[in-house]
Amino acid sequence: MENQSFAKGNLSSATQKYGFAFILVTSLFFFWGFVHNLDPILIPHLRRGFRLNNFEALLVDSAVFVAYFVMAIPAGILMKKYGYKTGIILGLILFGIGCFLFVPAANTMQYSFFWAHCLL
């Protein structure tokens, strides 16, 4: 009986210790997914604004997944060397830079800036 209460004590302390971090990381993945699901909404407006053909519109849509493919190995090396916290923070920084690059891309109205914005 004492062993069970000891195990429950460890479980509740672990829940208290890592509960907030778990909620934070889980919500980050939710928000990341939510923002990436906004890309298909943006594409018809880009097609009209820049008179893109189907291939160019496909590049905008697939740029996110190309970035995942290109960055997988470097991100894995970074996380192995510095840990997952550094990897998450660097990912958020790159994501934020990409979001801020949307403003100059919209101001210049050049297709290449939007495509590069999607890579971040």
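The numbers here are math on the coordinates, done by the rules we state, and not lab data. Since the structure is predicted, the reported quantities are computational estimates derived from the model, not experimental observations. Positions of Cβ are backbone-derived with ideal geometry, glycine not excepted, and every protein chain shown enters the neighbour counts.
Below 15 angstrom from the Cβ of Y68, what's the summed charge of the other residues (Lys, Arg +1; Asp, Glu -1)?
Summing Lys and Arg as +1 and Asp and Glu as -1 gives -2.
Applying the Karplus parametrisation 6.51 cos²θ - 1.76 cosθ + 1.60 with θ = phi - 60° to the phi angles of segment 104-113, what ³J(HN,Hα) value in whole Hz is obtained for each residue in order, glycine and proline being reported as x?
x, 5, 5, 6, 7, 6, 10, 4, 4, 5
If each of D39 and T86 carries a label point 7 Å out from its Cα toward its Cβ, how far apart are those two points in nm?
2.7
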